[in-house]
Amino acid sequence: MDDLIYDILFLILQLIDSPVFVVRAACTCKRWRRVIVDAAFLRRFRSVHASSLVAGDYFNGSKLLPSLMGLGPRLMDRPSFVPAAAAASLSIDARHFSLDFLSTGGGGGAADWIVFDSRGSLLLLYRMEHDGKNSSDGFPDIVVCEPSTRRHRRIPPPPYWKKLISCQYRGCYLVDGEADIASGCIGMSNFRVLCVFQHYIIPQLDLCTGTAIFTVCSAGADLSSSWRNEIPRLTVGSAVDGIDQNVYIEEMHDLGQAGGSWYFYMQGRNLIVLDGGTGEFSHSVLLPTLENWDGAAFDLHVRSNKFCIADGHDGEPRFLSVFDATMKVYARPDSGEWTLEKSILLSEATRSLPGYKDEFFSQPMNILTRGLGYVILSPKTLDKWLISVDLETMQVALAEEDMGTMVYRCEVPWPPVLNSA
């Protein structure tokens, strides 16, 4: 009978669609708590209600001077947080996701930091200078934090950093640690940071790109962390891919993040992907059917930011192009070839929007922001006129503000901290 009651409770409690209410349910009685702390229940809840774990989005609050819209540099403001649409019903308070706790230590405040990556409930932020001084001879201050719990950890430079010849930092990315029994793939106790840098190797003095991984893992009640000792070159794919295995990072054009991975472009229609789950790089080829230009023209347009990668509403990557007043969206069903999924003639679709001018489409529009299921565009004119395009419906609307290059999704921590007593 007890097993039957347990199974019935399991089925009923998994219908709860909010992690906040799951925690409240666990406080109701010991029987409910025993069901909820079961690893099988936590895995099932995450797989069924993954979307309810979303707290909201961070963006590097960038603003464009009206007189320089589309032409001038961005003026950086502090990172900002926007709660998810359902945050109010989930009792998520945006104040709990403030980054003001980063203002202590090392000088400066939260406004000095730039969000560069997010994964699960974690953010990776960096700043190249503090107190007017460069950090660690070119290696930035890097912090991984969990905003909702205000926990944070500074990532030190690799111990061999100063021993490398002409070493230059190129980027750091969050990578999953080992999954725990409740399907928490990343958290403050099991994350990895992959650092990409460029340096010379001796005795050949050969310029190459290297990678290093900083690992945090729990060992009983303690946390241990370390940099991997070796300094490998960044290699991509296999020798049969037809791409130089020793990839130079300066040749990789950043296309953005989608589906938990980072995407880069190299000349010759080469797409390089950094998997955020494994920390491994892979290579594929963008076929000529993806905009039928010759190699040189395609390379030029990619590097002119007429292409980018963004998340679709389904969490799968979409390859976008904005050219000749037309926006095209490409998908990759079943990880196969990229194929045209949707397209829209922007000059016609936006004609009824306030502030519309024909001259806005005399040149390809700027891709300002990539978010989950949408992009924000602006014309290359002096006018401040921002439009958002939904990647599923292709509906257009005026956008209120430029939110920077990317929007970074943040979840509530999972699994919740509960005990079975």
Report summary line: Here the qualifying pairs (Cβ atoms under 6 Å; residues six or more apart or on different chains; first in the stretch 382-394 and farther than 18 Å from Phe319 by Cβ and among the basic types (Lys, Arg); second part of a loop (DSSP other than H, G, I, E, B) and open to solvent by less than 20 Å² (accessible area, probe 1.4 Å)) come out as Lys384/Met69
Report summary line: If we keep only residues of the stretch 24-43 that are buried (at least 17 other Cβ atoms within 10 Å of the Cβ) and of a type in the set (Val, Ile, Thr), then the residue modelled with the highest pLDDT is Val35
Query raised in the report: List the pairs whose first member sits in the stretch 281-299 and is within 30 Å of Cys172 (Cβ to Cβ), whose second member is open to solvent by 30 Å² or more (accessible area, probe 1.4 Å), and whose Cβ atoms are under 7 Å apart, counting only residues at least 6 apart or on separate chains?
Result: Ser282/Gly237; Ser282/Asp275; His283/Gly237; His283/Asp241; Asp299/Gln267
Requested in this report: Would you please name the residue that is most open to solvent (accessible area, probe 1.4 Å), looking only at residues in the stretch 304-340 that are over 17 Å from the mean Cα position of the chain (by Cα) and on the phi > 0 side of the Ramachandran plot?
Outcome: Asp334
Query raised in the report: Could you list, in sequence order, the residues of the stretch 83-102 that are surrounded by fewer than 16 Cβ atoms within 10 Å (Cβ to Cβ) and modelled with pLDDT under 85?
Result: Ala85, Ala86, Ala88, Ser89, Ser91, Asp93, Ala94, Arg95, His96
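Specify the residue that is most open to solvent (accessible area, probe 1.4 Å); the eligible residues are those in the stretch 341-368 that are of a type outside the set (Lys, Arg) and under 24 Å from the mean Cα position of the chain (by Cα). Give the steps one after another, and end with the answer.
Quick first cut of the stretch 341-368, residues of a type outside the set (Lys, Arg) only: 341, 343-350, 352-356, 358-368.
After this cut, where a residue has to be under 24 Å from the mean Cα position of the chain (by Cα) as well, the list is 341, 365-368.
Values: Glu341: 73, Met365: 6, Asn366: 32, Ile367: 27, Leu368: 9 Å².
So the residue we want is Glu341.
Would you call Ser347 assigned to a helix (DSSP H, G or I), out of contact with any strand residue (DSSP E or B) (no Cβ under 6 Å at 6 or more places or on another chain) and farther than 23 Å from Leu274 by Cβ?
Details: assigned to a helix (DSSP H, G or I): yes; out of contact with any strand residue (DSSP E or B) (no Cβ under 6 Å at 6 or more places or on another chain): yes; farther than 23 Å from Leu274 by Cβ: yes.
Yes; evaluated as a whole, the condition is true for this residue.
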Report summary line: Output for Cβ contacts, cut-off 8 Å, separation at least six or different chains, first residue in a loop (DSSP other than H, G, I, E, B) in the stretch 9-20, second of a type in the set (Gly, Ala, Ser) and open to solvent by 30 Å² or more (accessible area, probe 1.4 Å), reads Ser18/Ser89; Ser18/Ser91
Report task. Residue by residue through the stretch 369-381, note down the ones that are open to solvent by less than 10 Å² (accessible area, probe 1.4 Å) and in contact (Cβ under 8 Å) with a residue 60 or more places away in the chain. Result -> Thr369, Gly371, Gly373, Val375, Ser378, Pro379
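The values are calculated or read from the model by the stated rules, or taken from the named source; none is laboratory data. Note that this is a predicted model, so its numbers are computed, not measured. Don't worry about glycine lacking a Cβ; one is built from the backbone with ideal geometry, like all the others, and counts go over all protein chains shown. Areas reflect the complete protein model, heavy atoms only, side chains present, ligands, DNA and RNA absent. Shrake-Rupley method; radii C 1.70, N 1.55, O 1.52, S 1.80 Å.
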